[in-house]
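Right, one structure below, let's go through it.
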Amino acid sequence: MKIGILGAGHIGKALARLLSEAGHEVGISNSRGPDTLRDLTHALGHGVKAFTSEDAARFGELVIETIPFGRFMDIPAVQLEGKIVIDTANYYPERDGQIDLGGLSESAFIARHLPKARVVKAFNTIHFEHLESQGDTGKPLDERRAIFIAGDDQDAKDVVTRLIEEIGFAAVDTGSLEDSKVQQPGTPIYGPDLTAVQAREALNK
Ligand SMILES: NC(=O)c1ccc[n+]([C@@H]2O[C@H](COP(=O)([O-])OP(=O)(O)OC[C@H]3O[C@@H](n4cnc5c(N)ncnc54)[C@H](OP(=O)(O)O)[C@@H]3O)[C@@H](O)[C@H]2O)c1
């Protein structure tokens, strides 16, 4: 499928590589424009394209939002209408500044900025180096590293689950976007290397 990526940092680069190697058409963007991404797209190969954020959002049938949380206002909402949007972001006030989430989960807050997008939180609990190295399609699902997901749209979560499995991980569902508070920074499941079985035990699911 066509996948647009907003953000070409640690997580954006890792997902661009994994998803393009899995056979998807990937377009990636950053804050400085496509000319600054030529070396990266050349190194990634697999036809990965460099775009502006707006064009990456337009290009993707599914779009991954992986820019710093505090820059959420720059996510191009209009181009994402009707699309599945994976939100990888974590809110760190010391990095992102003080933002009043109004009691919402981090992803529900992002989703409020993208009212017509089908937001799924995923990939926020795994360090980028582990994302790059720990996927293993040869393992049974239960024994793979868990990637926690959350969202309000079951069909969107099913699509994201398949992508996660294609790159060698197993999706474990924490519930709705509001439920995704259980996978935010500081929670017991944020960070540890858990198999899918261990992850479900940790959630009592
Ligand atoms: N690092 C991890 O291991 C990890 C793990 C899980 C989740 N996360 C979360 O995922 C998100 C991304 O993390 P990261 O470590 O990949 O960040 P990062 O390495 O700092 O990269 C951020 C990327 O976002 C781009 N960007 C910044 N502001 C932008 C804007 N206004 N519009 C468009 N693009 C913009 C940057 O482009 P420029 O370079 O051009 O500014 C850069 O390519 C964060 O919320 C983080 O908490 C990180």
Within the stretch 14-25, work out how many residues are open to solvent by less than 10 Å² (accessible area, probe 1.4 Å) and within 14 Å of the chain's Cα centre (by Cα).
-> 4
Positions within the stretch 195-205 being open to solvent by 30 Å² or more (accessible area, probe 1.4 Å), of a type outside the set (S, T, N, Q) and out of contact with any Leu (no Cβ under 7 Å at 6 or more places or on another chain), in sequence order = Val197, Arg200, Glu201, Leu203, Lys205
Determine if the stretch 128-137 includes at least one residue that is more than 14 Å from the ligand (Cβ to nearest atom), modelled with pLDDT of 95 or more and of a type outside the set (Gly, Ala, Ser).
-> yes
All but one of (1) touching a residue at least 40 places away in the same chain (Cβ under 8 Å); (2) in contact with a strand residue (DSSP E or B) (Cβ under 6 Å, 6 or more places away or on another chain); (3) open to solvent by 10 Å² or more (accessible area, probe 1.4 Å) hold for Pro34; which doesn't?
-> (1)
Would you check if Lys49 is of a type in the set (D, E, K, R), in contact with a Gly (Cβ under 8 Å, 6 or more places away or on another chain) and modelled with pLDDT of 95 or more?
-> yes
Residues of the stretch 67-88 satisfying the condition of being open to solvent by 20 Å² or more (accessible area, probe 1.4 Å) and either in contact with a Cys (Cβ under 9 Å, 6 or more places away or on another chain) or farther than 20 Å from Asp158 by Cα (or both) = Ile67, Pro68, Gly70, Arg71, Phe72, Met73, Asp74, Ala77, Val78, Gln79
Select from the stretch 89-105 the residues that are open to solvent by 10 Å² or more (accessible area, probe 1.4 Å) and near the ligand (Cβ under 10 Å from one of its atoms) and write down the one among them that is nearest to Leu194 (Cα to Cα).
-> Asn90
Might you check whether a residue that is over 21 Å from Leu6 (Cβ atoms) and of a type in the set (Asp, Glu) occurs anywhere in the stretch 104-125?
-> no
Among the residues of the stretch 117-129, is any in contact with a Pro (Cβ under 7 Å, 6 or more places away or on another chain) and either over 24 Å from Glu25 (Cβ atoms) or surrounded by fewer than 24 Cβ atoms within 10 Å (Cβ to Cβ) (or both)?
-> no
For the stretch 153-194, what are the residues that are open to solvent by 40 Å² or more (accessible area, probe 1.4 Å) and without any contact (Cβ under 8 Å) to a residue 60 or more places away in the chain?
-> Gln154, Asp155, Asp158, Arg162, Glu165, Asp173, Val182, Gly186, Pro188, Pro192
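The values are calculated or read from the model by the stated rules, or taken from the named source; none is laboratory data. Being a predicted model, the structure only gives us computed values, none of them experimental. Methodologically, a virtual Cβ is constructed for each residue, glycine included, from the backbone with ideal geometry; neighbour enumeration extends over all protein chains shown. Quick note on the areas: whole protein, heavy atoms, side chains included, nothing else; ligands and nucleic acids left out. Shrake-Rupley method; radii C 1.70, N 1.55, O 1.52, S 1.80 Å.
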